[in-house]
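These notes concern the structure reproduced below.
FYI, it's all coordinate maths here, none of it is from the lab. Keep in mind that this is a model prediction, so the values were computed, not measured. Here the Cβ is made from the backbone with ideal geometry for all residues, glycine too, and neighbour counts use every protein chain on show.
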Amino acid sequence: MIDPHVLRDDPDRLRDSARRRGEDESIVDTLIDLDVAKRTAQQAYDEIRARQKALSKKIGPLQGQARKDPDNLDTQRELAELMSAAGAMSDEVKAADARAAGLSAELNQAWLSVSNVVDPRSPVGGEDDFVVVSTHGQPRDFNAEGFIAKDHLELGQLLGAIDVERAAKVSGSRFYFLTGVGALLELALLNLAIAQATKHGFIPVVPPVIVNPQAMEGTGFLGQAADNVYQISEEDSYLVGTAEVPLAAMHSQEIIDAGHLPLRYVGWSTCFRREAGSHGKDTRGIIRVHQFDKVEMFVFTTLEQADAEHQRLLAWEQEFMDTLEIPYRVIDVATGDLGASAARKFDIEAWIPTQETYREVTSTSNTTQFQARRLGIRTKIDGATTPVATLNGTLCAMPRMIVALLENHQQPDGSVEVPKALRPYLGLDLLPVRP
C-alpha cells in the first residue's frame, strides 16, 4: 500500500507511475473519490457520535433526579424526551458507522489494485525494454574448443543428474527429479549460498511454505501475480512462490527496534508456481518448472537506507555468480515488467550457451514501504512510528543455476568441471559421466 498522503497531496505522481507501468491510471480518480467519501462519512459519524455522547451526559443526571423525585412531572417529561431522542440517534449512529466502515473497506480494497510507485530511474517499457547495467565474464567459444555444447537436459541425463520423464509420470509436465550428483549439486549450492549470506550477517531461516491470505495479499502476490499462485481452497491458504512471502509476513503487525535495522534474513524454501501464461515456453528441461528450491535474501530497513541496501543485495548476488565462474549480465528491469510491489528491480541473467542468450537466474527488488504498510510493520525513529522499507533478493534459484552451471562448465565428453568455490561443499572436482 502507498502512503495515503501521496494520493491527497500529489495524485499526479500516482498517475505517472501507472502510466510508466502501462496500467490504467483511472484508478487514481476512483481512489480520490473514495478517499473523500470515506473521510466525509467518518466526519459525519464523529459528529453524530459526539452529539450522542453529549446527550448521554444529560440523561445520566436526569435519571438520578427521576429516581429521587418520581413525582416531578417536568423531570420525567424531559427524561422521556431525551430517551426518545437517544433511541433515534442510536439508529443514526449505527447507520453512520456502517457507512464509514463500508467506504473504508471499499477504499482499502481499491488500494489493493494499485501497484507501488515506480522509481523514476527505472527504464520505461515492457519486458524487452530493460537497460543493461554491466556484463561480466566471457562466454566460452565451444567451436574453438572443438566440440558442440550440449544443453543442460542432455548433460543431466549423461550425468544421471536430471530425470524429467519419470517426474512427468509421477507429477506431470514441468516437474523433475534431481538424482545422484544432481541432488548433491543442489545441496552444495544451498550450503555455499547460506555460507555466503551468513558471512554477510544474514540470519538463516527455514520458513513455512503454506501461508494465509493476509501474507500473500500483504506482499502483493494476490494482484497481478495471482494466476501463478497455488491455492489450497479447503484451508483458505496458499503455497508460496518465494520465501519472500513468509519472511516479509514474519514481522507483520510488529514494531521493529530501530537499533536492529537493517534486519537481514536468508531463507531456504521450496517454491511453487503455476507458470500461467507460459504455455509452450521452456518446455524442455528444468528452466521453467512448477516446483523448485530457492535461497532468498530479505531485508527490513529504513526508507532512507533502502536504495543503498538494494545495491548491497545486488553486489552479494554478483559475488555468488562470480564464485560460480558463470558469465552474466545485470539489467535494470523496465517498469512494465516489474512486480506490483517493486519500485525498482535488477535481474542477473546468466549466459546459456546452447540458447546463445542470457536468462534470468536471480533478481533483487526494492519494494520501499509498500509491503510494510500492508503488513503493519513499523519502527520508531526520533519518537515517531513509521513503516519500515523491505527488500528482497534471490541468491540462488536452484534449477536455473544448475542449468547455467552445467552448460557453462561442460567438457567434451559430457562431464562437468566443478567451480573451485563449490568443490568443498560437493566433494568433487568433476561431475563424471555415468557409466
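Annotations
- The amide H of GLY376, built 1.01 Å from its N in the peptide plane, has GLN253 as neighbours under 5 Å, considering only residues 5 or more places off or on other chains.
- Computed over the range 349-414, the Cα gyration tensor eigenvalues convert (square root of 5λ each) into semi-axes of 42, 10, 8 Å, ordered from largest to smallest.
- Taken over the range 309-433, the alpha-carbon convex hull comes to 133 cubic angstrom per residue.
- In the chain, the longest principal axis of the Cα atoms and the axis of helix 303-323 are about 20 degrees apart.
- Remark: ARG312, ARG140 ranked as ARG140, ARG312, counting other beta-carbon atoms within 10 Å and listing the fewest first.
- Converting phi to 3J(HN,Hα) with the Karplus coefficients 6.51, -1.76 and 1.60 and the offset θ = phi - 60°, the range 326-343 yields 10, x, 7, 9, 10, 10, 8, 5, 6, 4, x, 10, 7, x, 4, 8, 7, 8 Hz in sequence order, with x at every glycine or proline.
- Placed amide H near LEU395: partners under 5 Å, 5+ positions off or other chain: VAL295, GLU296, MET297
- For the range 239-249, the Karplus equation 6.51 cos²θ - 1.76 cosθ + 1.60, evaluated at θ = phi - 60°, returns couplings of 8, 6, x, 6, 5, 3, 5, x, 5, 5, 6 Hz by residue, with Gly and Pro reported as x.
- Computed as a quarter of the hull surface, the mean projected area of the alpha carbon convex hull for the chain stands at 27.5 nm².
- Using alpha-carbon coordinates, inclination of helix 181-199 to the longest axis of the chain, degrees: 60 degrees
- Between helix 398-408 and the chain: long-axis angle, C-alpha atoms, 0 to 90°, nearest 10: 30 degrees
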